[in-house]
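Student: If you scroll down you'll find the structure; I have some questions about it.
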Amino acid sequence: MKSAIKKKQIIKMEKRENGNRVVILGGGVAGSLVAKSLQFDAHVTLIDPKEYFEIPWANLRAMVEPTFAERTLINHRDYLTNGDIVTSSVVNVTETEVLTADGCQIAYDYLVIATGHADPVPKTRSERLDQYKAENQKIKSANSILIVGGGPTGVELAGEIAVDFPEKKITLVHKGSRLLEFIGAKAADKTLNWLESRNVEVKLEQSVDLNSVTDGYYQTSHGETIDADCHFLCIGKPLASGWLRETVLKNDMDSQGRIKVDELLRVKGRSNIFAIGDITDIPEIKQGFLAQKHAEVVVKNLKVIMEGGRECRLVTYKPLSSVLAIVSLGRKDAVAQFPFLTISGRIPGFIKSGDLFVGKTRKQMGLTS
């Protein structure tokens, strides 16, 4: 192991004389796009705990149709053909290098942090495919299903199951006063009506103690009893930033663990470290397509910087002034909130729900749709 690590370190030092070293932490929707886009402009190293990139807004479809994941799970090497891939988590960052959990020290000239939210998933693509098959079997074998959480994940999962398995009894419990609190009340009302029309029972302003389940009976905070054969927890995940508090970036984070960035998406006060995606303190809803826009801005700026371009050529990121969102409701319907319009049904469903932007995303990554 030590000789392998030393060899890796020597390779990094040799590369410094031949070009800029860009190290990317996180192989999610933002980090993978940066790696793919810069691989022929710099010496790119992508560090990610898993061996694949997953299209996140399509994973719920894979739970009801596991073969769908064949297109949504993409090995990093499939799109990153001209860079280094280190399958490990990062435990420390200094002013000049990154340290991984397995002891690799990887030097950088430019660092891009895109670790997003903490989401423990299997290391290999095949293991993740098996996980979807297991989730699908869990759904198929259940007569009644409890979904905890009424944000986009809970709503979309309820929609997927209700459409593909209409015979299932589905109960959705949400602690908020309405569903989809990140968008407007009109969109939430349309979503509630759609779910109830598919016989999904929605219980608002309640929570469930998942640690006190007895023989398939769940207790809500209002004292109600829900009979369910299985449950799915669909609540927000914590940011994958706790480890940064022990690094040189410990003072570059806000109280919620988000990295403070400037309008160029550089970590504030630093010229060669960038942060993108959910981990930033940008005042906007955390959505996948916005993380992609972050990636595009950083790619443009790094190309200018590495070419020795002038500061005036750098691109600034402008957060959305209003919420733009499409939430799938099964395979054909959706609810959409645009700046001056909220609609539901087949029209927004035609935009997203059929393929869930999988073909578009694969094309963006240089792959066949």
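The values are calculated or read from the model by the stated rules, or taken from the named source; none is laboratory data. Keep in mind it's a predicted model, so treat the numbers as computed, not measured. Cβ atoms come from the backbone with ideal geometry, glycine included; neighbour counts cover every protein chain shown. Only protein heavy atoms, including side chains, enter the accessible area calculation; ligands, DNA and RNA are left aside. Shrake-Rupley method; radii C 1.70, N 1.55, O 1.52, S 1.80 Å.
Student: Test of understanding: what is the full-extension gain from Leu341 to Trp243, defined as 0.36 nm times their sequence separation minus their Cα-Cα distance?
Tutor: Answer, rounded to one decimal: 31.2 nm.
Student: Rounded to the nearest 10 Å², what accessible area does His117 have for a 1.4 Å probe in the complete protein model?
Tutor: Per-residue accessible area (His117): approximately 70 Å².
Student: For Phe274, list long-range residues whose amide hydrogen, built 1.01 Å from N in the peptide plane, is under 5 Å from its own amide hydrogen.
Tutor: Leu111, Val112, Ile113, Val267
Student: Could you please state how large a percent of the accessible area of the chain is carbon and sulfur, counting protein chains only and using a 1.4 Å probe?
Tutor: Carbon and sulfur atoms account for 50 percent of the accessible area of the chain.
Student: Taking amide H positions as placed 1.01 Å from N in the peptide plane, with prolines and chain starts having none, which residues 5 or more places from Leu329, or on another chain, fall under 5 Å of its amide H?
Tutor: Sorted by chain and number, the residues that satisfy this are Ala334, Val335.
Student: Starting from the Cα-Cα distance between Glu65 and Asp78, subtract it from 0.36 nm times their residue separation and give me the gain in nm to one decimal.
Tutor: Roughly 2.4 nm would be gained on extension.
Student: Where is the GNM fluctuation largest for the chain (alpha-carbon springs, 10 angstrom cutoff): Lys300, Lys203, Lys237?
Tutor: Looking only at Lys300, Lys203, Lys237, the biggest GNM fluctuation is shown by Lys237.
Student: If you don't mind, there's one more thing I want to ask. Looking only at the chain, where both bridge partners belong to it, what percent of the DSSP beta bridges are antiparallel (to the nearest 5)?
Tutor: 45 percent
Student: State the Cα centre-to-centre distance between the range 166-195 and the range 308-322 in whole Å.
Tutor: Measuring centre to centre over Cα atoms gives 37 Å.
Student: Could you compute the FRET efficiency for Asp102 and Ser144, with r as their C-beta to C-beta distance and R0 at 41 Å, rounded to 0.05?
Tutor: So, using R0 = 41 Å, E works out to roughly 0.40.
Student: Let me ask something else. Which order do the peptides 57-70, 306-319 come out in when sorted by mean C-beta neighbours inside 10 angstrom, highest first?
Tutor: Top of the packing list down: 57-70, 306-319.
Student: Further question: If I model a spin label as a point 7 Å beyond the Cα along the Cα-Cβ vector, how far apart are those points for Ile85 and Tyr217 in nm?
Tutor: According to this spin-label approximation, the distance is 5.0 nm.
Student: Right, something else. How would Lys186, Lys175, Lys50 rank on accessible area, largest to smallest, probe 1.4 Å?
Tutor: Lys175, Lys186, Lys50
Student: Would you mind getting the accessible area per residue of the range 48-96, heavy atoms of the protein chains only, 1.4 Å probe, in Å²?
Tutor: 37 Å²
Student: Could I have the simple spin-label model distance between Asp189 and Asn92, label points 7 Å from Cα toward Cβ, reported in nm to one decimal?
Tutor: 5.7 nm
Student: Can I ask one more? Taking 1 over the mean of 1/r across every pair of different Cα atoms in the chain, what Kirkwood radius in Å do you get?
Tutor: 22.0 Å
Student: Gain in length, Thr368 to Ile285, computed as 0.36 nm per residue apart minus the alpha-carbon separation, to one decimal in nm?
Tutor: Answer, rounded to one decimal: 26.9 nm.
Student: A further question on this structure: Compute the relative contact order of the range 220-369 as a whole-number percentage, counting only Cα pairs closer than 8 Å that sit 6 or more residues apart in sequence.
Tutor: Here the relative contact order equals 12 percent.
Student: Now for a different question. With every protein chain left in place, what is the accessible area per residue of the range 130-230 in square angstrom, probe 1.4 Å?
Tutor: Ligands and nucleic acids excluded, the figure is 47 Å² per residue.
Student: Still on this structure, please answer the following. Among Ser321, Ser353, Met306, whose Cα lies farthest out toward the positive end of the dipole of the range 291-369, if unit charges sit on the beta carbon of Lys, Arg (+1) and Asp, Glu (-1)?
Tutor: Ser353
Student: Explain nothing, just the number: relative contact order of the range 134-207, from Cα pairs under 8 Å at least 6 residues apart, as a whole percent.
Tutor: 33 percent
Student: Could you sort His222, His174, His231 by their accessible area in this structure, using a 1.4 Å probe and putting the largest first?
Tutor: Heavy-atom accessible area, descending, gives His222, His231, His174.
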